Amino acid sequence: MKIFKSSWGLFVLAFILLFFANAVVLTGVYINRTMEATSQIVLTQRELQMPYKNKRENNGMSLKLVYRILNTDISKGSYNKIPAWLNAEKLKELGFDTTNRDQGTAHYKKPPTKEVFIVLEYDGEAYKKSLALAEENFVEKEVLFNAKKDDNRTKMDYENAKKRLNREQISESRLFAIDAGLEYEKLREEYPDKNTYIIVKGLVRLVYQNKIEKEQSASIQQLNTENIYLPYKFKHVLKDITTDDDLNNRVGSAPKYEVEIKYGIRYEPWISSVETI
Amino acid sequence: MEIRSVITAQQRTDQIKSFQAELQILKDENIISLSPEQNKTIAKYHQELLANYSLKFDVDTSKNEKQLSLGMKIASFLAALGLAFSIFFLFFQFWGDYTQNTQVVILILTPSLLLGVTIYLRKQQKGDYYTKISALLAFVAFVLNLFMLGQIFNISPSLNVFFVWSIFAFLLAYALNTRLLLGVGIIFFSFFLSAKVGVWGGGYWINLSEHPENFFPVAAILFLLSFIKHSKLTSFDIVYRYFSMLLFFLPVLILSNNGLSSYAEMDRHFIQGFYQIVGFSVSAFAIYIGINKGLSEVTNMGNIFFVIFLYTKFFNWWWDLMPKYIFFLIIGLSAVFILMILKRFKSKLLKNTLWRLS
């Protein structure tokens, strides 16, 4: 074709590509935001945190979506991202091949990853259980401490349990990953409240088990969008809240702002309002 | 003979220069004598040709000019790199101070304007280096354009963006005969295709590097592309061949040491052994075919990877077993052995050439 032989033809194609790519991206954004929202929720600083520190070379800001996993064993913490509900049955439902993974060298290989829908529950049953676990743990450590007040170990355990409970009540995220599936509609039927359950896209990775731990499990590798860009029009609302405040928040101070986020038809989020508390 | 590209113009210029030098030697040693008129005709013809090439293709007509050109190429590369980084950080520095609409306008206008400047400079035909710098900046601005749109609208990361960037780089590279942009285009295209192969293999594209075999199809495609006629474009075929061999040998090297990263559900030692044989035989074949067909880049890559495969094997076998002085002695002796083989190869080649001449 003649157009490929001349430089001018190639430049014209470059211009067309530039505008076409932008048109596709912006049309996608428009479609995502103009149709009915797939999730709409108000979160606080506990769930949408500011960056750890100000980036000197970047004055744009994104808020990080912080979600947890309910772990009945409190010592394992809630950020390990290997939920108990991602069991063999659920993994089969998600389309993972869960057979014979504990044999041969298979468990040394990189396990497969799959993009699925993940249900995040806000301030629901999972959080209540997590809070109850922290309270139980505190009571248990308090009893031990009262019995052995001179023992340094029990004293430290008691103080840690107290801090953990305090964080759980005031500053830890109340957003929990509670389920996953391949179809949005099916999940939405099961979790109809759009203000409590966010359904987002994310990656689940199989965890190959060794011969001792026979039970098949998987981890949530990442959500497709974990950092949500804060538009300029809301920047002034957070101008007095420094990243130091956010750091303090993580060790037990109350949240200072709340943010409404919406997820569109392409399951991509945006911030629709920001207010200080 | 019509000259259409810089590379053929430079080749012809070098040929004329060699001819003039050889003619002078022949004259000095009284092997040939030309009449003053013949001398004048040849000199005038060559002068006209050289002036024409210099004007039209900016070729180097002397050794000094060639050295200067190399310096200019390095300087323009550094300028392009520096300015590209500068644009990148400039965006980030002031990014949060604009409304979303302004951000979108800036993001689309910047690559468009830089592309316009590139076309303008290309039209002027004077500042070849400036045109290439401007093209690279247009490319960086386009990368930023789509990347930042993704960030401000929280768009899910997509594999297709690598394809779009690679096509943009290819278009500019072919329009301006720029190897740097061709290399950039190849890198982005490799990302795209190898990730796509990973998706076809049942994985998720972000984890493209977990299976080195994902890179084999792109290596094969680039190798085939190198045989498309690139007569108007300086060494594009060589760039394709370099990248194709790199994208073949590097995964083979990884797989020959880590069989677990293979798709094959076999014993990892078997996979490693298989890829070691592949690595040795293909690199040796590359040396042979490169010498036979006069493709120096194929020979070079074959040489480099043959030695890497060999030394990796030595390391695996003997590093823990031997005292270090013996290990390095073996390395040194093996290098001498390779040198001897290559020397024999060279003398055989020379004999063949002399035989053909006789």
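With +1 on the Cβ of every Lys and Arg and -1 on the Cβ of every Asp and Glu, and nothing else charged, how large is the dipole of the protein assembly as shown about its Cα centre, in debye rounded to the nearest 20?
The dipole of the protein assembly as shown has a size of about 2440 debye.
So what is the 222 nm mean residue ellipticity for chain B from helices alone, if each DSSP H run of at least 4 adds -39500 (n - 2.57) and you divide by all residues, rounding to the nearest 500 deg cm²/dmol?
Numbers: 12 runs with 281 residues, N = 358.
Calculated from helices alone, the mean residue ellipticity at 222 nm is -27500 deg cm²/dmol.
Rounded to a whole number, what is D in µm²/s for region B:101-256 from Stokes-Einstein with the Kirkwood radius over alpha-carbon pairs (20 °C, 1.002 mPa s)?
The Stokes-Einstein estimate is 127 µm²/s.
Normalised by the number of residues in region B:145-299, what is the relative contact order in percent for Cα pairs under 8 Å and 6+ residues apart?
Relative contact order of region B:145-299: 15 percent.
Across peptide B:110-116, how many C-beta atoms of other chains are within 10 Å of each residue C-beta, on average?
Average per residue, whole number: 2.
Given the convex hull of the Cα atoms of the protein assembly as shown, what is a quarter of its surface area in nm²?
Seen from a random direction, the Cα hull of the protein assembly as shown projects 40.6 nm² on average.
How big is the accessible area of B:ILE31 in square angstrom, nearest 10, if you roll a 1.4 angstrom probe over the protein chains?
The accessible area comes out at roughly 110 Å².
What's the center-to-center distance, using Cα atoms, between region A:110-140 and region B:237-282 in Å?
Centre-to-centre (Cα) distance: 43 Å.
Report in % the part of the accessible area of chain B that belongs to carbon and sulfur, leaving out ligands and nucleic acids; probe 1.4 Å.
That fraction is 67 percent.
Could you state how much accessible area B:THR8 has, in square angstrom rounded to the nearest 10, with a 1.4 Å probe and all protein chains kept in place?
Approximately 40 Å² for this residue.
For chain B, just say rounded, prolate or oblate: build the C-alpha gyration tensor, square-root its eigenvalues into a ≥ b ≥ c, call rounded for a/c under 1.5, and beyond that prolate if a/b exceeds b/c, oblate if not.
Note, shape of chain B comes out oblate.
So what's region B:270-358 giving for Cα Rg divided by 2.2 N^0.38 Å, two decimals? Display every interim value, and only then the final one.
Working: Rg = 15.9 Å, N = 89, 2.2 N^0.38 = 12.1 Å.
For region B:270-358, the normalised Cα radius of gyration is 1.31.
At a threshold of 8 angstrom on Cα-Cα distance, excluding pairs fewer than six apart, so keeping six or more, what relative contact order does region B:254-358 reach in percent?
This gives 15 percent for region B:254-358.
Counting heavy atoms of the protein chains only and a 1.4 Å probe, report the per residue accessible area for the protein assembly as shown as a whole number of Å².
55
Leaving out ligands, DNA and RNA, calculate the buried accessible area for the pair B and A with a 1.4 Å probe, summed over both sides, in Å² to the nearest 100.
Using a 1.4 Å probe, the pair buries roughly 4200 Å².
Considering every pair of different Cα atoms, what Kirkwood radius, in Å, is found for region B:79-188?
Values: mean 1/r = 0.0693 Å⁻¹.
Taking every pair of different Cα atoms in region B:79-188, averaging 1/r and inverting gives 14.4 Å.
Under 1.5 on a/c is rounded, so check that first for region B:36-122, then, if it is not, pick prolate when a/b is larger than b/c and oblate when it is not; a ≥ b ≥ c are the square roots of the alpha carbon gyration tensor eigenvalues. Mind dumping the intermediate values first?
Values: a/c = 11.45, a/b = 2.98, b/c = 3.84.
The shape class here is oblate.
Would you mind working out the magnitude of the charge dipole of region B:178-316 relative to its Cα centre, with +1 at each Lys and Arg C-beta and -1 at each Asp and Glu C-beta, to the nearest 20 Debye?
I would put it at about 440 debye.
For chain B, what is the charge dipole size about the Cα centre, in debye to the nearest 20, if Lys and Arg each add +1 at the Cβ and Asp and Glu each add -1 at the Cβ? Mind dumping the intermediate values first?
Details: 29 positive and 19 negative charges, 188 e Å.
Result for chain B is approximately 900 debye, rounded to the nearest 20.
Would you mind classifying region B:126-216 by shape? Square roots of the alpha carbon gyration tensor eigenvalues, ordered a ≥ b ≥ c; an a/c under 1.5 is rounded, otherwise it is prolate if a/b is larger than b/c and oblate if not.
oblate
Can you give me the relative contact order of chain B as a percent, contacts being Cα pairs under 8 Å and 6 or more apart?
Value for chain B: 10 percent.
Let me know the mean shielding of B:28-40 by other chains, meaning the per-residue number of their Cβ atoms within 10 Å of its Cβ. Don't skip to the answer; put the middle values down first.
On the way: counts 0, 0, 0, 0, 0, 0, 0, 0, 0, 0, 0, 0, 0.
For peptide B:28-40, the averaged partner shielding equals 0.
Take each complete run of DSSP H in chain B, measure how far its Cα atoms stretch along the helix's own axis, and keep only those covering 27 Å or more with mean Kyte-Doolittle hydropathy at least 1.6; list them.
Both cut-offs are met by B:179-200.
Express in whole angstrom the spacing between the alpha-carbon centres of region B:187-227 and region B:291-355.
Going from one Cα centre to the other spans 30 Å.
At 1.4 Å probe size, put A:PHE20, B:PHE315 in order of accessible surface, largest to smallest.
From most exposed to least exposed: A:PHE20, B:PHE315.
Let me test this: with uniform point scatterers at the alpha carbons of region A:112-158, what is the Debye-based log₁₀ I(q)/I(0) at q = 0.21, 0.22, 0.23, 0.33 1/Å?
-0.73, -0.76, -0.79, -1.07
Kindly sort B:ARG344, B:ARG179 by accessible area of their heavy atoms, largest first, with the probe set to 1.4 Å.
Descending order: B:ARG344, B:ARG179.
Using a 1.4 Å probe and counting only protein heavy atoms, arrange B:TYR242, A:TYR229 so the residue with the most accessible area comes first.
B:TYR242, A:TYR229
To the nearest 10 square angstrom, how much accessible area does B:LYS343 have with a 1.4 angstrom probe?
For B:LYS343, the solvent-accessible surface is approximately 150 Å².
Mind checking the mean number of beta-carbon atoms from other chains within 10 Å of the Cβ atoms in B:90-99? Intermediate results must be reported in sequence, preceding the final value.
On the way: counts 1, 2, 5, 5, 3, 5, 9, 4, 2, 3.
That average works out to 4.
Give the calculated FRET efficiency between B:ASP97 and A:LYS149 to the nearest 0.05, with a Förster radius of 51 Å applied to their Cβ-Cβ distance.
Efficiency computed from Cβ-Cβ geometry: 0.35.
The values are calculated or read from the model by the stated rules, or taken from the named source; none is laboratory data. What you see is a predicted model; the values in this text were computed from it and never measured. As a convention, Cβ positions derive from the backbone with ideal geometry for all residues, glycine included, and neighbour counts pool all protein chains shown. Side chains included, ligands, DNA and RNA excluded: accessible areas come from the protein's heavy atoms. Shrake-Rupley method; radii C 1.70, N 1.55, O 1.52, S 1.80 Å.
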